[in-house]
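All remarks here apply to the structure that follows.
The values are calculated or read from the model by the stated rules, or taken from the named source; none is laboratory data. Note that the structure is a prediction, hence the values are computed from the model and not measured. Methodologically, a virtual Cβ is constructed for each residue, glycine included, from the backbone with ideal geometry; neighbour enumeration extends over all protein chains shown.
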Amino acid sequence: MQNKHTPPRPRPPKQLHPALIAAIDILLIGACLLLFALFDHVIPRPAQKAAYSAPAATAAPTAMPNVPEPGEATPAPTDAPAQAAAGDFSARFADKFTVDEVIRTDTSYQSPNLNVTLTRYETTVNNRNEVYFVEDIYVRNIECLRTVFAKDTFGKSISEDVVSMSARTNAVAAINSDYYGAGNAGVVIRNGQLYRRAFEIDEPVLIIFRDGNMKVYEGEADLDLDRAMAEGAWQAFSFGPSLLDENGEVYPSYEGVNPRNHEPRTLIGMVEPGHYVFVVIDGRRNSYSAGMTFAECANLCKELGCAVAYNLDGGQTSQMTFLGALVNDPYKNGRSTSDLICVADMAG
């Protein structure tokens, strides 16, 4: 029995219920994951480009006259080259370009450097409504086929709306790209600069070379990046799939893809070097436009005359501009993205 001179015995500490301890642990882990996601995926992080540039082209677009209309592409005068070089299609498509004037309508643009025609199609495919837009493009020089980064900065989680990017670049025609900034992987070459060489596993890479050719490489084992840069890689995108085989034919199937998956799509294709198509297909609204499967996209590109065709980021990202204005009706009004592929009256 304890007397009044004996100090009281210390009480044992209260034990937390095991369920409460588990709940606290889960909350702490969740907080850590949230912080990681915030810093890794949400907060914009500019990055440094790789110190490697494609060999400089020896030819530049023909000098452009001053164009007085508001929003017209701003010319950058250059001296005409002494002879044609790789990536110069002035002789091949001489009838597509004007001599010294710009002719533009609501659906076409013709200048000494560019010839672009915009067409809206409304049809049914396998009893579904489909609306899609095609920009048929001829360029005098490959340097008219450009890319522009959101906020003019390469990095992760940096985005901008397509209209402001298009306007800032004086783009005549533009589509969204591969949304490279959504992750850390994927080959990124933009305007002759190699920014990232982290391959996605088995992800096809599309390269546009300075000679105007497009080629799809089936993953890291198929693509020697150093060699591609030395051979004049001008743009490279990591998304896919490739829509046509090496003979320009539709694949029998697309592995790992739900054949019934109808989605908004953004496609780029090459008919021949210097002649390209941008395609955007609206979707996810059956009464207006359901969207297409990859097989349907491939058939469409073949009908357009493409020898090479490639699928870019789709869904809500699929957007197209013409003369600075949005032309399609993107799902849920579209969304900002990492960069654009565009054609513009510009030099170098």
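Go through the residues of region 157-179 one by one and say whether even a single one is surrounded by 18 or more Cβ atoms within 10 Å (Cβ to Cβ), under 17 Å from the mean Cα position of the chain (by Cα) and more than 23 Å from ASP282 (Cβ to Cβ).
Yes, region 157-179 contains a residue that is surrounded by 18 or more Cβ atoms within 10 Å (Cβ to Cβ), under 17 Å from the mean Cα position of the chain (by Cα) and more than 23 Å from ASP282 (Cβ to Cβ).
Given the options ASP106, ASP152, name the one that is surrounded by fewer than 21 Cβ atoms within 10 Å (Cβ to Cβ) and closer than 30 Å to ALA185 by Cβ.
Numbers: ASP106 fails: closer than 30 Å to ALA185 by Cβ.
Exactly one of ASP106, ASP152 is surrounded by fewer than 21 Cβ atoms within 10 Å (Cβ to Cβ) and closer than 30 Å to ALA185 by Cβ, namely ASP152.
Please state which of the following conditions ASP224 fails to meet, knowing it meets all the rest: (1) at pLDDT 95 or above; (2) buried (at least 16 other Cβ atoms within 10 Å of the Cβ); (3) charged (D, E, K, R).
(2)
Working carefully through the options SER318, SER238, SER289, find the one that is under 18 Å from GLU203 (Cβ atoms), among the hydroxyl-bearing types (Ser, Thr, Tyr) and at pLDDT 95 or above. Talk me through it step by step, then tell me what you get.
Details: SER318 fails: under 18 Å from GLU203 (Cβ atoms); SER289 fails: under 18 Å from GLU203 (Cβ atoms).
Exactly one of SER318, SER238, SER289 is under 18 Å from GLU203 (Cβ atoms), among the hydroxyl-bearing types (Ser, Thr, Tyr) and at pLDDT 95 or above, namely SER238.
If CYS297 meets every condition in (1) modelled with pLDDT under 95; (2) crowded, with 23+ Cβ neighbours inside 10 Å apart from one, which number is that one?
(1)
Can you find a residue that is outside any strand (DSSP E or B), at pLDDT 95 or above and not β-branched (Val, Ile, Thr) anywhere in region 127-138?
Initial filter on region 127-138 (outside any strand (DSSP E or B)): 127.
Checking the rest, the ones that are also at pLDDT 95 or above come to none.
Checked against the condition, which is being outside any strand (DSSP E or B), at pLDDT 95 or above and not β-branched (Val, Ile, Thr), region 127-138 yields no hits at all.
Need pairs with beta-carbon distance below 8 Å; first residue crowded, with 24+ Cβ neighbours inside 10 Å and within region 264-277, second of a type in the set (Asp, Glu) and not in a strand (DSSP E or B); sequence gap 6+ or separate chains.
From region 264-277, the pairs are PRO264/ASP282; THR266/ASP313.
Looking at (1) modelled with pLDDT of 95 or more; (2) more than 22 Å from the chain's Cα centre (by Cα), which one does GLY269 not meet, given that it meets all the others?
So the condition that GLY269 fails would be (2).
From the list GLY315, GLY305, exactly one residue is within 17 Å of the chain's Cα centre (by Cα), surrounded by fewer than 24 Cβ atoms within 10 Å (Cβ to Cβ) and among the small types (Gly, Ala, Ser). Which is it? Please lay out each step first, then the result.
Details: GLY305 fails: within 17 Å of the chain's Cα centre (by Cα).
Sole residue among the options that is within 17 Å of the chain's Cα centre (by Cα), surrounded by fewer than 24 Cβ atoms within 10 Å (Cβ to Cβ) and among the small types (Gly, Ala, Ser): GLY315.
Based on what the data block shows, is ASP136 surrounded by fewer than 18 Cβ atoms within 10 Å (Cβ to Cβ), touching a strand residue (DSSP E or B) at 6+ places or on another chain (Cβ under 8 Å) and not polar (S, T, N, Q)?
no
Output yes when any residue across region 205-220 is assigned to a helix (DSSP H, G or I), among the charged types (D, E, K, R), in the same structural domain as ARG335 (by TED's automatic domain parsing) and modelled with pLDDT under 95, and no when none is. Walk me through it before giving the result.
Residues of region 205-220 assigned to a helix (DSSP H, G or I): 220.
Then keep just the ones that are among the charged types (D, E, K, R); that gives 220.
Imposing the further condition that a residue be in the same structural domain as ARG335 (by TED's automatic domain parsing) reduces the set to 220.
Cutting the leftovers down to modelled with pLDDT under 95 gives us 220.
Yes, there is a match, as at least one residue in region 205-220 is assigned to a helix (DSSP H, G or I), among the charged types (D, E, K, R), in the same structural domain as ARG335 (by TED's automatic domain parsing) and modelled with pLDDT under 95.
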